[in-house]
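Before any comments, here is the structure.
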Amino acid sequence: MEGRVVAAHGRQYLVETTDGKLLPCFPRGKKSDVACGDRVDIQQTSDDQGVIEAIQPRTSLLYRSNEIKQKLIAANVDQLVIVVATEPAFSDELVTRALLAAESEEIEPLIVLNKCDLSERVPAARERLKVLADLGYRIVELSALKHAEDLRPELHGVTSVLVGQSGMGKSTLVNALVPEANAATREISQALDSGKHTTTHATLYHLDADSQLIDSPGLQEFGLGHLDRQEIEYAFREFRPYLGQCRFRDCRHNREPDCALTAAVNAGKIDERRFAVYHRIVGTQRST
């Protein structure tokens, strides 16, 4: 049998089979590399349980990592939706790290600025996102409480994964877009015999026959320990025209003479704050 992983709890996964049945499954062996969104081969071992025999080839895998462990977020996604808000304050570096993870997997990024009903706070948030808008990143402004439907056209025909810090209104957005989300969550929790599922693991919802939305737990950190320095450099899209043009092949773009990136920063072609974030990341890329 084949199916798609739509939820997880520890080492137990809920697989939606091709005929629409939800089947709790365990992976073979002690180590599990299964992610929400994975397409898997399963063997049904009883009426209400199965075993994951294999993970089918992935088109993408979004995850974060440090030197100790990695945390899988979602597999086979086309779009990463990063939710920020006018309040509370969001982390510029967390947003950048999520964008770099998306760039490294060739996942299309989209930024949602939520809580725009707080109109007096919109200009400051918009100004913080301007550097990303100038780089061509798409930004949708909305209020999840009133205008969540403004996001639906951006989600059509693809599998999207939502990420964001706690407090950005991600759950409100999901509940507005997927009215049956709470009922689906209860069904998933009952199948997995767990009430903690929604706060700790990713869940896949069907928006329509061609569109899926994966909700992930709130993030406070996004480690990029799985990317080396060259991969991080390339993931900064504004760096790409200058890569390979430094005098030294192993230039760290710090104090080396004739550094193409430093020259671009000095010329105003690369934002100083983004360049500072790059240095923080490569200096602490093993932190999560």
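The values are calculated or read from the model by the stated rules, or taken from the named source; none is laboratory data. Since the model is a prediction, treat every value here as computed from it, not as a measurement. Cβ sites come from the backbone with ideal geometry, for glycine too, and all protein chains shown count toward neighbours. What goes into the accessible areas is simple: the full protein's heavy atoms, side chains included, and nothing from ligands, DNA or RNA. Shrake-Rupley method; radii C 1.70, N 1.55, O 1.52, S 1.80 Å.
List of remarks:
- Distance between the pseudo-spin-label points of Thr172 and Gln230 (7 Å out from Cα toward the beta carbon): 4.5 nm.
- Once all protein chains are placed together, Val112 keeps about 0 Å² accessible to a 1.4 angstrom probe.
- Counting 0.36 nm for each residue step from Glu106 to Asp150 and taking away their Cα separation leaves a gain of 13.4 nm.
- On full extension, the segment bounded by Arg280 and Arg252 gains 8.8 nm, given 0.36 nm per residue less the C-alpha separation.
- Debye, to nearest 20: dipole size of the chain, +1 on Lys, Arg Cβ, -1 on Asp, Glu Cβ: 1020 debye
- Cα-based Lys proximity count in the chain, under 29 Å, for pairs eight or more positions apart or on separate chains: 26
- Our estimate of slack between Ala209 and Asn266, defined as 0.36 nm per intervening residue step minus the Cα-Cα distance, is 15.6 nm.
- Inter-label distance for Arg11 and Arg273, nm, one decimal - labels placed 7 Å from Cα along Cα-to-Cβ: 4.5 nm
- Lys/Arg +1, Asp/Glu -1 at C-beta; the chain dipole; positive extreme among Val161, Val178, Gly3: Val161
- Where labels lie 7 Å past Cα in the beta-carbon direction, separation of Val122 and Arg58 in nm: 3.8 nm
- In percent, rounded to a whole number, the relative contact order of the chain is 18, using alpha-carbon pairs under 8 Å and six or more apart.
- With a Förster radius of 25 Å applied to the beta-carbon distance between Lys30 and Ile68, the computed FRET efficiency rounds to 0.90.
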